[in-house]
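Colleague: Sharing a structure, written as structure tokens. Questions coming.
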């Protein structure tokens, strides 16, 4: 008999996505999400490999002053 | 148009206030009286300021002493209740008692007070600025219809003359949608133009602050007062703030106005489509050159804004989610906040990648254009109990339809203004949206003002 794999005990919604709701609420959320998923799938099918995201990291945190910029 | 001061735009009131022919005290008393008489029915305010009259007396004293602060001095302005205020608690539309916010002025409110404006009260919003309905606020043109949202209280208050102007916030259309449905002007400036510190966040990279006003000229006045650096908002840019009123009254001769024929057309109520085509013709008749174009990538926009808005809102409400407080949210908002967990990290970043594509598409379109015109909403104000409407021969969810034409400019951050461009057969306003290049609000205001001045839509008022 082999031991169950560690991943088998993980609940994909509660443990992986952090959505801690009752089974009834989960059903409601998934039903509401189904229309959104149609749109997300379109986005997922786009090839944007060479496109930098619009959000740009700023190591100064926007707090750089003249002295530190020298 | 009525001669009552609160039915007149700020641009007409300001010279009267400056010259001492109109007192800020009389103006604020008139606003408080109208709120008392009409707001039990409209439900546009959640709080009325207890210090507004004292503030008006102080403004009157300053003006008498020659300390004129500009065109907003002594003018009653309403504030959407997701902006923090030092003298009134902020609830951001939620009834959850354990969720509270600091008693201090948001950057925008501080800017308005510095310009001499009188904060008259806080207006109702859809909970946490989600949604386009704003229950239980009513549309002043038809009390059985919604005012739009999430800044529905602000739009209803301005159109009903309960305040001379109001502040709203716009994540997917929340200034422009209620402006369109209530017949006011609503301006979402460029992302980064107005500081947002002290506004309860909804989605950091989509949220915009902006005014709802009677006229385009009033929007120009408020934009100038509100713009400028905000050390508390990392996204706010320290750019030159022009005198936007200089753009008003300029001819449209030689301007190139684009009409994006995909996405924004083809799925609108017939009366809306007809009104916009007429307005486009009117813009041509006053000097603009009209050019049709298309942005095919708009078909991916809905997935992108859902990914960003849902995941951002869920991140903001994460502590409430884990503490179980979201169970006390309104059912629609609770579902939206919980659903954000289902958006993955790659979905979010793919949406941010897509944003750059869409920004580039509009950048290229603007190489041959000065402004873009679209309808603001595909439909006029719908009944409170309606969940679907007939559009282009089929039923569509009112929530899905209501923001379809506005959210692209939250993804791109471009400035966009909604102005009235007609009324349907039930007497409900129709909105036209004018968009310009980044930080070129002056161009959007110029086109909007030229159209406004060639019609009398802005002078019409609902019977309350």
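The values are calculated or read from the model by the stated rules, or taken from the named source; none is laboratory data. All values derive from a computational prediction rather than experimental measurement. In this analysis, Cβ positions are derived from the backbone assuming ideal geometry, glycine residues included, and neighbour counts consider all displayed protein chains.
Colleague: Among the residues of the stretch B:113-126, are any at pLDDT below 95, part of a loop (DSSP other than H, G, I, E, B), within 18 Å of residue B:147 (Cβ to Cβ) and under 19 Å from the mean Cα position of the chain (by Cα)?
Modeller: Looking for residues that are at pLDDT below 95, part of a loop (DSSP other than H, G, I, E, B), within 18 Å of residue B:147 (Cβ to Cβ) and under 19 Å from the mean Cα position of the chain (by Cα), one finds at least one in the stretch B:113-126, hence yes.
Colleague: Continuing with this model, one more query. Looking at the structure I just gave you, is residue B:304 touching a helix residue (DSSP H, G or I) at 6+ places or on another chain (Cβ under 6 Å) and either surrounded by fewer than 18 Cβ atoms within 10 Å (Cβ to Cβ) or part of a helix (DSSP H, G or I) (or both)?
Modeller: Working: touching a helix residue (DSSP H, G or I) at 6+ places or on another chain (Cβ under 6 Å): yes; either surrounded by fewer than 18 Cβ atoms within 10 Å (Cβ to Cβ) or part of a helix (DSSP H, G or I) (or both): yes.
Considered against the rule, which asks whether it is touching a helix residue (DSSP H, G or I) at 6+ places or on another chain (Cβ under 6 Å) and either surrounded by fewer than 18 Cβ atoms within 10 Å (Cβ to Cβ) or part of a helix (DSSP H, G or I) (or both), residue B:304 comes out as yes.
Colleague: Scan the stretch B:310-367 for residues that are farther than 25 Å from residue A:27 by Cβ and outside any helix (DSSP H, G or I) and jot them down.
Modeller: B:366, B:367
Colleague: Of all residues being in contact with a helix residue (DSSP H, G or I) (Cβ under 8 Å, 6 or more places away or on another chain) and more than 10 Å from chain A (Cβ to nearest Cβ) in the stretch B:358-367, which is farthest from residue B:94 (Cα to Cα)? Just the residue, please. Show your work before the answer.
Modeller: At the first step, the residues of the stretch B:358-367 found to be in contact with a helix residue (DSSP H, G or I) (Cβ under 8 Å, 6 or more places away or on another chain) are B:358-359, B:361-362.
Next, from what is left, pick out any that are more than 10 Å from chain A (Cβ to nearest Cβ): B:361-362.
Working: B:361: 38, B:362: 36 Å.
The extreme case among them is B:361.
Colleague: Would you check if there is a residue in the stretch B:158-166 being touching a residue at least 24 places away in the same chain (Cβ under 8 Å), under 26 Å from residue B:96 (Cα atoms) and surrounded by 24 or more Cβ atoms within 10 Å (Cβ to Cβ)? Step through it out loud before you land on a result.
Modeller: Filtering the stretch B:158-166 down to residues touching a residue at least 24 places away in the same chain (Cβ under 8 Å) leaves B:158-166.
Still in the list and also under 26 Å from residue B:96 (Cα atoms): B:166.
Those still in the list that are surrounded by 24 or more Cβ atoms within 10 Å (Cβ to Cβ) too: B:166.
The answer is yes, given that some residue of the stretch B:158-166 is touching a residue at least 24 places away in the same chain (Cβ under 8 Å), under 26 Å from residue B:96 (Cα atoms) and surrounded by 24 or more Cβ atoms within 10 Å (Cβ to Cβ).
Colleague: How many of the residues making up the stretch B:359-382 are surrounded by 14 or more Cβ atoms within 10 Å (Cβ to Cβ) and free of Cβ contacts under 8 Å to residues at least 24 places away in the same chain? Let's see the steps before the verdict.
Modeller: Here is the first cut: in the stretch B:359-382, the ones surrounded by 14 or more Cβ atoms within 10 Å (Cβ to Cβ) are B:359, B:361-362, B:365-366, B:369-382.
The next check asks that each one be free of Cβ contacts under 8 Å to residues at least 24 places away in the same chain; those that pass are none.
Residues flagged as surrounded by 14 or more Cβ atoms within 10 Å (Cβ to Cβ) and free of Cβ contacts under 8 Å to residues at least 24 places away in the same chain within the stretch B:359-382 amount to 0.
Colleague: Oh, and also: If you check B:90, B:100, which single one turns out to be in a loop (DSSP other than H, G, I, E, B), at pLDDT 95 or above and crowded, with 24+ Cβ neighbours inside 10 Å?
Modeller: Numbers: B:100 fails: crowded, with 24+ Cβ neighbours inside 10 Å.
Result: B:90 is the single residue among B:90, B:100 that is in a loop (DSSP other than H, G, I, E, B), at pLDDT 95 or above and crowded, with 24+ Cβ neighbours inside 10 Å.
Colleague: With the requirement that a residue be surrounded by 21 or more Cβ atoms within 10 Å (Cβ to Cβ), more than 7 Å from chain A (Cβ to nearest Cβ) and within 21 Å of residue A:34 (Cα to Cα), what does the stretch B:327-357 give you?
Modeller: Within the stretch B:327-357, B:334, B:336, B:337, B:340, B:343 meet the criteria.
Colleague: Of the numbered conditions (1) more than 9 Å from chain A (Cβ to nearest Cβ); (2) within 21 Å of residue B:418 (Cα to Cα); (3) in contact with a helix residue (DSSP H, G or I) (Cβ under 8 Å, 6 or more places away or on another chain), residue B:398 fails exactly one; give the number of that condition.
Modeller: Of everything listed in (1) more than 9 Å from chain A (Cβ to nearest Cβ); (2) within 21 Å of residue B:418 (Cα to Cα); (3) in contact with a helix residue (DSSP H, G or I) (Cβ under 8 Å, 6 or more places away or on another chain), residue B:398 misses just condition (3).
Colleague: State whether one or more residues within the stretch A:31-42 are free of Cβ contacts under 8 Å to residues at least 24 places away in the same chain, at the interface with chain B (Cβ under 8 Å from one of its Cβ atoms) and either farther than 21 Å from residue B:350 by Cα or assigned to a loop (DSSP other than H, G, I, E, B) (or both).
Modeller: Within the stretch A:31-42 (the criterion being free of Cβ contacts under 8 Å to residues at least 24 places away in the same chain, at the interface with chain B (Cβ under 8 Å from one of its Cβ atoms) and either farther than 21 Å from residue B:350 by Cα or assigned to a loop (DSSP other than H, G, I, E, B) (or both)), the answer is yes, since at least one residue qualifies.
Colleague: Condition (residue is surrounded by 22 or more Cβ atoms within 10 Å (Cβ to Cβ) and within 20 Å of the chain's Cα centre (by Cα)) applied to the stretch B:48-63: is it met by at least one residue?
Modeller: Looking for residues that are surrounded by 22 or more Cβ atoms within 10 Å (Cβ to Cβ) and within 20 Å of the chain's Cα centre (by Cα), one finds none in the stretch B:48-63, hence no.
Colleague: Still on this structure: Can you name every residue in the stretch A:9-30 that is assigned to a helix (DSSP H, G or I) and facing another protein chain (nearest Cβ under 8 Å)? Reasoning before the result, please.
Modeller: Step one: of the stretch A:9-30, the residues assigned to a helix (DSSP H, G or I) are A:9, A:12-16, A:23-30.
A:13, A:25, A:28, A:29, A:30, listed by residue number.
Colleague: I'd like to check something: does the stretch B:431-438 contain any residue that is part of a strand (DSSP E or B) and more than 18 Å from the chain's Cα centre (by Cα)? Quick ask: steps written out before the conclusion?
Modeller: Just the residues of the stretch B:431-438 that are part of a strand (DSSP E or B), to begin with: B:431-435.
Keeping just the survivors that are more than 18 Å from the chain's Cα centre (by Cα) gives none.
Within the stretch B:431-438, not a single residue is part of a strand (DSSP E or B) and more than 18 Å from the chain's Cα centre (by Cα).
Colleague: What are the pairs, 6+ residues apart or on separate chains, where a residue within the stretch A:53-70 that is over 11 Å from residue B:234 (Cα atoms) has its Cβ under 6 Å from a residue that is modelled with pLDDT of 85 or more?
Modeller: Cβ pairs passing all conditions: A:53/B:349; A:53/B:352; A:53/B:353; A:54/B:352; A:54/B:355; A:54/B:356; A:55/B:352.
Colleague: Anything in the stretch B:241-255 that is in a loop (DSSP other than H, G, I, E, B) and under 17 Å from residue B:187 (Cα atoms)? List them, or say none.
Modeller: Filtering the stretch B:241-255 for residues in a loop (DSSP other than H, G, I, E, B) gives B:241-243, B:248-255.
Within the stretch B:241-255, B:241, B:242, B:243, B:248 meet the criteria.
Colleague: Here is a further query. If you check residue B:298 against the conditions, is it assigned to a helix (DSSP H, G or I) and within 10 Å of chain A (Cβ to nearest Cβ)? Steps first, answer last, please.
Modeller: Numbers: assigned to a helix (DSSP H, G or I): yes; within 10 Å of chain A (Cβ to nearest Cβ): no.
When the stated conditions are applied, residue B:298 does not pass them.
Colleague: Has the stretch B:414-427 got any residue that is surrounded by 21 or more Cβ atoms within 10 Å (Cβ to Cβ), in contact (Cβ under 8 Å) with a residue 60 or more places away in the chain, part of a loop (DSSP other than H, G, I, E, B) and in contact with a helix residue (DSSP H, G or I) (Cβ under 9 Å, 6 or more places away or on another chain)? Can you show your working first?
Modeller: Of all residues in the stretch B:414-427, those surrounded by 21 or more Cβ atoms within 10 Å (Cβ to Cβ) come to B:414-421.
In the following step, the residues that additionally are in contact (Cβ under 8 Å) with a residue 60 or more places away in the chain were identified as B:414-421.
From what is left, the residues that are part of a loop (DSSP other than H, G, I, E, B) are B:414-415.
Add one more test, that the residue is in contact with a helix residue (DSSP H, G or I) (Cβ under 9 Å, 6 or more places away or on another chain), and what stays is B:414-415.
Yes: the stretch B:414-427 contains one or more residues that are surrounded by 21 or more Cβ atoms within 10 Å (Cβ to Cβ), in contact (Cβ under 8 Å) with a residue 60 or more places away in the chain, part of a loop (DSSP other than H, G, I, E, B) and in contact with a helix residue (DSSP H, G or I) (Cβ under 9 Å, 6 or more places away or on another chain).
Colleague: Quick one: would you say residue B:385 is under 30 Å from residue B:253 (Cβ atoms) and either more than 12 Å from every other protein chain (Cβ to nearest Cβ) or surrounded by 23 or more Cβ atoms within 10 Å (Cβ to Cβ) (or both)? Talk me through it step by step, then tell me what you get.
Modeller: Values: under 30 Å from residue B:253 (Cβ atoms): no; either more than 12 Å from every other protein chain (Cβ to nearest Cβ) or surrounded by 23 or more Cβ atoms within 10 Å (Cβ to Cβ) (or both): yes.
In short, no.
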